[in-house]
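The values are calculated or read from the model by the stated rules, or taken from the named source; none is laboratory data. Computed from a predicted structure; not experimentally measured. Glycine also receives a Cβ, built like all others from the backbone with ideal geometry; neighbour counts cover every protein chain displayed. Just so you know, the surface numbers come from the protein's heavy atoms only, side chains and all, with ligands and any DNA or RNA stripped out. Shrake-Rupley method; radii C 1.70, N 1.55, O 1.52, S 1.80 Å.
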Amino acid sequence: MSEKSIWFTEFSEVCARRHFDTEAEISPDNFERLVGAYSFRQEVICQVRTPAGVCHQKHKKGCIGVMKDGREALIGNMCAGKYFKSDMKFALERKRINTEIERERIVTRYQALMAQKDALQAQLSSLNWEALQLNALMSDWYKSFQPGILRFIYNAQKTANWNVVVETEHISTETVMVDGQEETRETSEWFPDMPGRLAAIPEEGHTQALVRDIKWAQDILTEVIACDPDRVSFLHLKRWVSVLDGIDDVRGRLDNAKKACEKFKKRENLELLFFVQGREDDRSKVLRQILRIRGNQDSVADTRREEKRITALYSKRFGGRRWRLV
């Protein structure tokens, strides 16, 4: 019966084995079985003998093979796929060690998670509260967006184009002769102008998905704590570990969403909403939402002052030209 399969992460661990031989040359003809698999940070030399000679290619991933004379050697993944793929004994051995290594990894990880279950419960509880708060905020924003602004946001999320475009008036003059008299005429033309680029806002429903993922992880953790691991199938254990190992990913997604919202709330960003509103939008409601998102008062007087501030600021940026929504 073969020994327990081993997962190696350091070449020194392999070199310390009594039967490992750096001079050995392994091939399908002298292959007996596998010890385990490896993934190293440093590159090592493949010891597979091919029809063209010993491989000697440097690599980082592969498996440890045992030869018929008992010596052990490195089989790089490239050579394993190229020269051992038709060897049924190798295929069965590779399947066996992969299954055993994965089982050991899951069981070890499960034990580590259970050792910190109290901390995990506290972490998930905190994440849940943060996600619920952010979801409520995002829901309020999306419900308050005017139709034109909402169309712009939806389209930008699909195309990744958050550029805000308006049209500004350019007046040119020319002198013409009319009945022998010089006459100056003005011509008005409208050209695209870009007052800025709106900061991306997380998609509608993104935070709802985060809340669901966190709740699912909480339910899984409760189930794991209450169960008898000896009576649970390996597939169930693997699924549980996978979900709980994904907590850091959920944390990262939540942090990214919070950062995006903070960036969206900045004054210089929110004022761009004034230029993406649709012609049918209620301008006063647009201004009120800009103020509310910033945390300012949104009375009628406040909205009037905000409109004057924005128009005066961008009038300078447009060089005093008139502008209109696209």
Filter the range 63-79 for residues that are closer than 10 Å to Leu34 by Cβ and under 39 Å from the mean Cα position of the chain (by Cα) and give the result.
-> Cys63, Ile64, Gly65, Ile75
Taking only the range 42-59 into account, find how many residues are part of a loop (DSSP other than H, G, I, E, B) and open to solvent by 20 Å² or more (accessible area, probe 1.4 Å).
-> 5
Have a look at Thr187, Thr207 and point out the one that is polar (S, T, N, Q) and closer than 21 Å to Tyr154 by Cβ.
-> Thr207
Scanning the range 253-281 for residues that are open to solvent by 60 Å² or more (accessible area, probe 1.4 Å) and more than 20 Å from Gly205 (Cβ to Cβ), which turns out modelled with the lowest pLDDT?
-> Arg279
Cβ-Cβ below 7 Å, separation at least six or inter-chain, first residue in the range 152-166 and without any contact (Cβ under 8 Å) to a residue 40 or more places away in the chain, second open to solvent by 40 Å² or more (accessible area, probe 1.4 Å) and basic (Lys, Arg): which pairs?
-> Trp162/Arg197; Asn163/Arg197
Taking the range 263-319, which residues are among the charged types (D, E, K, R), in contact with a helix residue (DSSP H, G or I) (Cβ under 6 Å, 6 or more places away or on another chain) and assigned to a loop (DSSP other than H, G, I, E, B)?
-> Lys265, Asp281, Asp298
If you check Thr175 against the conditions, is it over 17 Å from Met138 (Cβ atoms), in a helix (DSSP H, G or I), open to solvent by 50 Å² or more (accessible area, probe 1.4 Å) and not charged (D, E, K, R)?
-> no
